[in-house]
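Worksheet: one structure, shown below.
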Amino acid sequence: MPEGHTILRAANHWNRIAGEPLTLSSPQGRFSAEAAELDQEPLLRAYAHGKHLFLEFSDDRTIHIHLGLYGRNRWQSAPVAPPKGAVRLRAEFQGGAVDLSGPTRCELLDSAGVQKILDRLGPDPLKLEEAPDAFLAKMAKSKKQIGQILMDQSLIAGIGNVYRAEVLFMSGLSPFAEARNIPAEELQSLWRLTRELMVHGVSHSGGIETVYPDSPKPQMIPAEVRTACASRTYVYKRTGLPCVACGNPVAMEEYYGRSLYYCAVDQKI
């Protein structure tokens, strides 16, 4: 599933055609009435919060998109080819088109509907440079394990399985540690690290890359290891391979329905 940096990149791409009247249709037919209502209207702006994309056409008409596991935005330049596959929404503009296919959610909402979604989401690290007080206050009282919390979109929005594994490893935190037992300064550092890595993901290729020469420099990972490591990640999908910090095999286990990657030596409770 795309993580928050991917959705922010998508919003930035949509904003390139903001202000231009769009020819909207639903080749698949499941969004036909909504597309007809907005057809030939200009997109005012696109924005993201966590894994949710919002296309605002007026104060009270916004398309909400959640890509889920299989959703994609496919951009093409003119001449535009016929829709391929089950396209939920096609937006044609001067010079090209974008096709949305396979989203978990594509719906037209009023302002109250948009606010209802935003209200149930936690803070987005890509929006806030400092660790929000409300987030830290919840962590100080939570009996949940930090590995569970980082995937809870109501507590922190935009983190997925890859960033979870990487930021916990780079912070030296066990995914099984209860949040309330983690010092506040370590949680603040975790927030800042998450933001830095996700900002890198937005500004570079769009993929998730935590191993690069000028990446954050936790003491447990020597600079020469960061430079020489052939992988783009430290522990994610590296089950059984030597940990870059200690050489112990990277572990993987099923955890709340997802694969969890970590080093049992360097990430002790």
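Any read-out appearing in this document is the output of simple, stated calculations on the displayed coordinates, not a laboratory observation. Being a predicted model, the structure only gives us computed values, none of them experimental. Note that we place each Cβ from the backbone using ideal geometry, even for glycine, and neighbour counts take in every protein chain shown.
Here is how the numbers come out for the structure above:
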{"quantity": "Estimated translational D of region 133-262 in µm²/s (Stokes, Kirkwood radius over Cα pairs; 25 °C; 0.890 mPa s)", "calculated": "163"}
{"quantity": "Principal axis box of the chain, alpha-carbon based, largest edge first, Å", "calculated": "58, 39, 31"}
{"quantity": "Surrounding net charge for Ser231, when Lys and Arg each add one and Asp and Glu each subtract one, Cβ distance under 10 Å", "calculated": "+2"}
{"quantity": "The chain: calculated mean residue ellipticity at 222 nm from DSSP helix runs of at least 4, using -39500 (n - 2.57)", "calculated": "-8500 deg cm²/dmol"}
{"quantity": "Overall Cα dimensions of region 185-269, principal axis frame, Å, largest first", "calculated": "31, 30, 29"}
{"quantity": "Region 4-119 - Kirkwood radius from inverse mean 1/r over Cα pairs (Å)", "calculated": "14.0"}
{"quantity": "Label-point separation, Asp59 to Asp110 (7 Å along Cα→Cβ), nm", "calculated": "1.3"}
{"quantity": "Relative contact order [Cα under 8 Å, 6+ residues apart], the chain, whole percent", "calculated": "16"}
{"quantity": "Neighbour-count order for Phe135, Phe169, fewest beta carbons within 10 angstrom listed first", "calculated": "Phe135, Phe169"}
{"quantity": "Sequence of Val98, Val235 once ranked by neighbouring C-beta atoms within 10 Å, starting from the fewest", "calculated": "Val98, Val235"}
{"quantity": "Region 36-139: trypsin sites (Lys or Arg not before Pro) falling in loop per DSSP and having at most 11 other Cβ within 10 Å", "calculated": "Lys84, Arg120"}
